[in-house]
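Read the structure below first, then the notes.
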Amino acid sequence: MLFQTFLETCNCYITSVIRIILLLCVGVPLLRYISTFFISFCTQRFSRHIGLLVGHCIFYGGIVFICVNILHEFGFNVTALLGAAGVIGVAIGFASQTSISNIISGFFLLLERPFFVGDTIKSDDVIGVVESIDLLAVRVRTADNKLIRIPNEMVLKRSLTNVTFYSIKRVDFMLSVLYSEDINMLKTIVSDIVIDNSIFLKAPEPTIKINKIIQPDFSTETRIFVMVNLWVNKDAFFAAGTIFIEALKKECDKKNIIITAGQIN
């Protein structure tokens, strides 16, 4: 009788060990495959942001499910553990209101979708490419290859600019020449630069107009300020300023025109 009870106990333990091994060896790889599938599927159908979020929720939710089943196999009272976890969760919730606020803000970002992974955004003094949109923060890579973490709550509270949301961008320049210079000549130079450089779009048409005629402080010379608005594809936005100013200097040197120029956006 005792021996039979011993055998039944051993069989029960062996069965539990087999179940635990199956959960770990089969469940975890299967969970990784399923989460990877949904990441790929949602990325293709919606966006990379939604794909990563759905994939992470499936994976970590599945890990919790596996852990609960393993505890059950070890003989723990899962119901009591879940009840205790609920009490602890409430206490942690009060202690981590900022994190909860960031998580809620992350879901609002998911619904509103003001930007996507790969977009260039500007938030206060931070400008860079969005690397990831996580539950707690948005990770941005700057032009000098620094990673900046912006809490989701701050992204919603502050004014945010999506630099690359639209397919084309306008680049603005302020040019300044002496009052005696021929403005028509300057307009011709700018027009030729736009025609000769494919980076600048012909439609919408560029605009060249006099902005103001003033005598700057601490100067005895009256100068004409000319506003130039050019359009480029969003991928060329950051390179357009350098290309235009270099070409402008080259042409003005040929015609002996002294000019000052600066990009204003």
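Laboratory data are not the source of any read-out in this text; all were calculated from the coordinates shown. This one's a predicted model, so the numbers in the text were calculated from it and none came from an experiment. So basically every Cβ, Gly included, is an ideal-geometry build from the backbone, and we count neighbours across all protein chains shown.
Observations on the structure shown:
- R0 of 30 Å, Cβ-Cβ distance residue 129-residue 260: FRET efficiency to nearest 0.05: 0.45
- Amide H to amide H distances under 5 Å link residue 211 with 225, 226, 227, where only residues 5 or more positions off or on other chains count and H is placed in the peptide plane.
- Sparse-neighbour loop sites [chymotrypsin sites (Phe, Trp or Tyr not before Pro); region 167-265; at most 15 other C-beta within 10 Å; DSSP]: 179, 218
- Among 28, 226, the order by Cβ neighbours within 10 angstrom, fewest to most, reads 28, 226.
- As a calculated quantity, the FRET efficiency between residue 142 and residue 196 at R0 = 35 Å, using C-beta atoms, amounts to about 0.65.
- FRET efficiency, 1/(1 + (r/R0)^6) with R0 35 Å, evaluated for residue 34 and residue 162 via beta carbons: 0.60
- Cβ-to-Cβ counts within 10 Å put 40, 101 in ascending order as 40, 101, the fewest first.
- Whole-Hz ³J(HN,Hα) from phi, Karplus 6.51 cos²θ - 1.76 cosθ + 1.60, for region 126-138, glycine and proline x: 9, 9, x, 8, 6, 8, 7, 10, 8, 5, 9, 7, 9
- Amide proton proximity set for residue 171, modelled H, under 5 Å, gap of 5+: 230, 231, 232
- Residue by residue, region 166-182 carries 3J(HN,Hα) couplings of 8, 6, 10, 10, 9, 10, 10, 10, 10, 9, 9, 9, 5, 4, 6, 6, 7 Hz when phi is fed to the Karplus relation 6.51 cos²θ - 1.76 cosθ + 1.60 (θ = phi - 60°); x denotes Gly or Pro.
- Once both labels are positioned 7 Å from their Cα atoms along Cα-to-Cβ, the gap between residue 220 and residue 66 label points is 8.2 nm.
- Of the GluC sites (Glu not before Pro) in region 102-163, those whose Cβ has at most 11 other Cβ within 10 Å and which sit in DSSP loop: none
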